[in-house]
Structures are given as structure tokens and as C-alpha cells.
Amino acid sequence: LKEITYKIHRFNPEKDSKPYFQAYTFPLKPAMTVLEGLYYILEYLDHTLSFRSSCRMAVCGSCAMHINGKYRLACNTQITSLKSKMVVVQPLLHLPNLKDLVVDHTGFFENLIAIKPWLLGQEPVPEREYLQSPKERKKLDVVTECIMCQACYASCPVAGTDNKYFGPHSFLKVLRFVNDSRDSVTMERLQQVAGETGVFRCHTIFNCQDVCPKHLDPAGAIAQLKMAATLEKLKGKLKTQASV
Ligand code: F3S
């Protein structure tokens, strides 16, 4: 391929009544990523294009977009890996579209903050630090790598129909604190996620797991939380209507 064509979702609320697609064709360079293509368009073809990016190395999560039918990070997706002459780029779903490929993340972070993603409850607060053994720390490895790119949230149909559903990213975080030896409000956390907008709303669609650019397993985290909540309910310790 010597050239590549991008078809990009465009929308400027100040002048467009509805979104539309705009096509751009430009020379393809070796190992060019989808993000580099967007920067090429911005610099040489159209200065009005809006999109988010920051680290360009799959760490910050800013450039998650819908690219040729799947949510991916634009910075670590090589154009040739898509095996197509056309790259179709759209913004994340379920969040208000502010302009072109930029969405408003407020709802996503509100759902995250609702589950209190920080250490809670251990008293007395130590003078210097909470101690944790390497074995206890190891339990957190899989869940601390989430970069909050929102691909899982955008791909989940339950999140799309209920903006109060905590979302796969939140459940991954809850499991991280349930598994953390320094946190001591496990029962309250389980009680919250076993509620109306919690894990039992998950339809086990697995889109969240499929799109995660860090190969994390939010669906597996949800299954573990369902199991933990159900066991506590059977023991009579959980007040909610949790069922499997
Ligand atoms: Fe949504 Fe993932 Fe459950 S896509 S329905 S949170 S398995």
C-alpha cells in the first residue's frame, strides 16, 4: 500500500446539525500507527480535526477510539495490521460526543468515583505506611494495570442502556480493593456492587474482555465479585438481593 484513506467521524456542535464522515487520503509510511495518521491529517490536511492523545505509548489511555469495527488504542495500532485500504475512525460510544473524536468522560469517572477507588477503613492509620507482604501485593498485579482508556465501557451494551451501571472498569477496581490486604471495607464494597447498578446487571457479554488493550479481564473480575457476593449472601452477611 502506498496510500491510505481515513474515513473519520466529524461533528462540530457549533455548526453541524448532525455527525457525518469525512474522507482523507495521504501517503502511508512504514510502521505508521493510526494515531500518526491522525496527526498527519491534522498537520497537513485539516487543522480543524479534534482528537485526544498524550503519551503515544499505550500508557495514558487517551487515544482509545472505534477503529475498523473495534475499540483500540490509536497509538499502538499499526495501519497495516488492519489489513484494509480504509481506516474508519469513530469516537467512544455511550459518552456525549463533544467534537469529532472527543467525548465527555464525566459519566465514566462519576461511575468510577461512586465505588470509592481508594484504600478505606484500616485503623489506626499507620505513621509511615501500611505494610504488605510480597505475596499479598502479588494479588493486585492483574488489576492495577488498567489505564482507564474506556474501551471496555464503550463496548459494553449494558453501560449503553444504563448510565448508572458502574461499568467493567469500576468492577475491576472494586476487585483490586477487595483483594488488597490494606483495605478493610470488603463487605461494604460487596454490598454496593451487589446492588441494582452492580455486577448482577452484567449479561456476561465479554466485549469488555475482548477489547481491553492491556489484556485484562473485567468479565472475570465481575464473575469473582458475583461469587464473593453470593457466598456472603448465603452466609447471611449481605443484605441485598444478590442472585446468580
Ligand atoms: Fe458488559 Fe463486560 Fe458484562 S461487556 S455485560 S461488563 S461481561
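The single condition among (1) in a helix (DSSP H, G or I); (2) buried (at least 17 other Cβ atoms within 10 Å of the Cβ) that C146 does not satisfy is (1). The residue of the stretch 198-209 that is farthest from M227 (Cα to Cα), among those that are touching a Phe, Trp or Tyr at 6+ places or on another chain (Cβ under 9 Å) and more than 8 Å from the ligand (Cβ to nearest atom), is G198. Please determine, by comparing only the residues of the stretch 149-162 that are surrounded by fewer than 21 Cβ atoms within 10 Å (Cβ to Cβ) and at pLDDT 95 or above, which one is farthest from the ligand (Cβ to nearest atom). My answer is P157. Residues in the stretch 74-97 that are under 22 Å from V158 (Cα atoms) and among the aliphatic types (A, V, I, L, M): 3 in all. If you scan the stretch 208-222, which residues turn out to be of a type in the set (G, A, S) and free of Cβ contacts under 8 Å to residues at least 60 places away in the same chain? Listed by number, the residues that qualify are A219, G220.
The values are calculated or read from the model by the stated rules, or taken from the named source; none is laboratory data. Since the model is a prediction, treat every value here as computed from it, not as a measurement. No Cβ is skipped: glycine too gets one built from the backbone with ideal geometry, and neighbour counts run over all protein chains shown.
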